[in-house]
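See below for the structure under consideration.
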Amino acid sequence: MRVFAKIAFATTMLIASAASSLAASLPVQIVAAENFYGDIASQIGGTRVKVQSILNNPEQDPHMFEASPSVARALTHAQLVIYNGADYDPWMAKLLAAAPAPDRRAIGASQILGTPPGANPHLWYDPQTMPKVAIAIASQLSAIDPEGRISYQDNLTHVLQALEQLKHTIALIRGRYTGTPVTATEPVFGYMAGALGLTMRNQPLQLAVMNNTEPSPSQIGAFENDLKTRQVRILFYNSQEEDSFTRRAKGIAEEHHIPIVGVTETMPEGLHFQTWISGQLSDIEAKLASQP
Ligand SMILES: [Zn+2]
């Protein structure tokens, strides 16, 4: 009996190790629709994952992006897909639906957050978003590759600490500058401006720019008047959504000495999400502090 039990135990162990080595075919293939989600995934996954980010060029208009066949091909091998949702990357939902794969897992930021339809889609600038996405990434990776669970949890702890540090900086700025009027050419920075307690003016105009439609003459008049009469302390300028109207706005802001904070939708190369956001926060704080 004892011998039999031992053999049975050994067999079970063999099967178990065969199963786990199957599950842990590394690296885990991840496709992220946007590079800031891809960056968080690689920080959590480390050497156990391979991440491909689709939107990774801060010179391109992401709202106008159309997926090429190579994106569809990348998705056929993906074990985990991360995307924004909220109609920011509608091409991703279409591709996932067109090529169903039962073993592929997907994380949609807007689903995790319960973003209502029609809301500002630039969710990653909301300080509540990335900690939740990071937790979801660690949990999905642990399910795909259980042997890596401790490593994923450990890396998640570091990512969450860095994101907590950002919240601390945000709270400091909010404490000093709540209610400060600001404006923007496009709503990319809207959630962060809200978290900083800043009062964002001209929002309907920003939505028109985002949707590549013409703002109305009265919207343009009110916006330019804000700049010319110095009703705002910062112009947030989205260089990824640039046209003759936004360039003209930039000129007016420069002429009237309104500090311009450059923001992009896509994370510039060579940065991590945390360093990208904290660089923008330092820029804002310095520009607000420089004004009487
Ligand atoms: Zn945008």
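The values are calculated or read from the model by the stated rules, or taken from the named source; none is laboratory data. What you see is a predicted model, and the numbers here were worked out from it, not measured in a lab. Here Cβ is always computed from backbone atoms with ideal geometry, including for glycine, and neighbour counts include all displayed protein chains. The protein model used for the area step is the full one, side chains on, heavy atoms only, and it has no ligands, DNA or RNA in it. Shrake-Rupley method; radii C 1.70, N 1.55, O 1.52, S 1.80 Å.
Starting from residues that are open to solvent by 50 Å² or more (accessible area, probe 1.4 Å) and within 14 Å of the ligand (Cβ to nearest atom), keep the ones in segment 60-87 and report whichever is modelled with the highest pLDDT.
The residue in question is Asp87.
Scan (1) open to solvent by 70 Å² or more (accessible area, probe 1.4 Å); (2) closer than 24 Å to Ser218 by Cβ; (3) modelled with pLDDT under 95 for the single condition Ser290 breaks and write down its number.
(2)
Can you tell me which residue in segment 236-271 is nearest to the chain's Cα centre (by Cα), limited to those that are within 12 Å of the ligand (Cβ to nearest atom) and hydrophobic (A, V, I, L, M, F, W, C)?
Checked segment 236-271; the qualifying residue nearest to the chain's Cα centre (by Cα) is Val263.
Just name the residue that is surrounded by the most Cβ atoms within 10 Å (Cβ to Cβ) out of those in segment 88-100 that are under 16 Å from the mean Cα position of the chain (by Cα) and not hydroxyl-bearing (Ser, Thr, Tyr).
Among those residues, the one meeting the criterion is Met92.
Just to be sure I understand, how many residues within segment 213-264 are small (Gly, Ala, Ser) and touching a residue at least 40 places away in the same chain (Cβ under 8 Å)?
Residues meeting the conditions: 2.
Can you say whether Asp103 is surrounded by fewer than 20 Cβ atoms within 10 Å (Cβ to Cβ), acidic (Asp, Glu) and out of contact with any helix residue (DSSP H, G or I) (no Cβ under 7 Å at 6 or more places or on another chain), as far as the supplied structure shows?
Yes: the conditions hold for Asp103.
Out of the residues in segment 38-59 meeting the condition of being out of contact with any Asp or Glu (no Cβ under 8 Å at 6 or more places or on another chain) and within 16 Å of the ligand (Cβ to nearest atom), tell me which one is least open to solvent (accessible area, probe 1.4 Å).
Asn57
Evaluate segment 163-182: report whether one residue or more is within 24 Å of Glu34 (Cα to Cα), open to solvent by less than 20 Å² (accessible area, probe 1.4 Å) and in contact with a Phe, Trp or Tyr (Cβ under 6 Å, 6 or more places away or on another chain).
From segment 163-182, those within 24 Å of Glu34 (Cα to Cα) are 163-167, 170; that's our starting set.
Next, from what is left, pick out any that are open to solvent by less than 20 Å² (accessible area, probe 1.4 Å): 163, 166, 170.
Remaining after also requiring in contact with a Phe, Trp or Tyr (Cβ under 6 Å, 6 or more places away or on another chain): none.
No, every residue in segment 163-182 fails to be within 24 Å of Glu34 (Cα to Cα), open to solvent by less than 20 Å² (accessible area, probe 1.4 Å) and in contact with a Phe, Trp or Tyr (Cβ under 6 Å, 6 or more places away or on another chain).
Could we say that Pro268 is of a type outside the set (A, V, I, L, M), modelled with pLDDT under 95, open to solvent by 10 Å² or more (accessible area, probe 1.4 Å) and assigned to a loop (DSSP other than H, G, I, E, B) here? Break it down stepwise before answering.
Values: of a type outside the set (A, V, I, L, M): yes; modelled with pLDDT under 95: no; open to solvent by 10 Å² or more (accessible area, probe 1.4 Å): yes; assigned to a loop (DSSP other than H, G, I, E, B): yes.
For Pro268, the condition - of a type outside the set (A, V, I, L, M), modelled with pLDDT under 95, open to solvent by 10 Å² or more (accessible area, probe 1.4 Å) and assigned to a loop (DSSP other than H, G, I, E, B) - is not met.
Given the criterion of a type outside the set (D, E, K, R), within 16 Å of the ligand (Cβ to nearest atom) and modelled with pLDDT of 95 or more, identify the matching residue among Leu166, Leu205.
Leu205
It is to be established whether one or more residues within segment 227-242 are modelled with pLDDT under 95, more than 24 Å from Ser110 (Cβ to Cβ) and of a type outside the set (A, V, I, L, M, F, W, C).
yes
Conditions first: (1) closer than 20 Å to Phe65 by Cβ; (2) touching a helix residue (DSSP H, G or I) at 6+ places or on another chain (Cβ under 7 Å). Met130 passes all but one, so which condition is the exception?
Result: Met130 fails condition (1) only.
Of (1) among the aliphatic types (A, V, I, L, M); (2) assigned to a strand (DSSP E or B); (3) within 16 Å of the ligand (Cβ to nearest atom), Ile30 satisfies all except one. Which?
Result: Ile30 passes all but (3).
Quick check: is even one residue across segment 204-213 in contact with a helix residue (DSSP H, G or I) (Cβ under 7 Å, 6 or more places away or on another chain), surrounded by fewer than 18 Cβ atoms within 10 Å (Cβ to Cβ) and within 18 Å of Thr180 (Cα to Cα)?
No, every residue in segment 204-213 fails to be in contact with a helix residue (DSSP H, G or I) (Cβ under 7 Å, 6 or more places away or on another chain), surrounded by fewer than 18 Cβ atoms within 10 Å (Cβ to Cβ) and within 18 Å of Thr180 (Cα to Cα).
Looking only at segment 155-172, decide whether some residue is part of a strand (DSSP E or B), at negative phi and among the polar types (S, T, N, Q). Walk me through how you get there before you give the answer.
To start, the set of residues in segment 155-172 that are part of a strand (DSSP E or B) comprises none.
No: zero hits.
Can you name the residue in segment 127-156 that is open to solvent by 40 Å² or more (accessible area, probe 1.4 Å) and among the charged types (D, E, K, R) and is also nearest to the ligand (Cβ to nearest atom) among such residues?
Step by step, filter segment 127-156, then rank; the result is Lys132.
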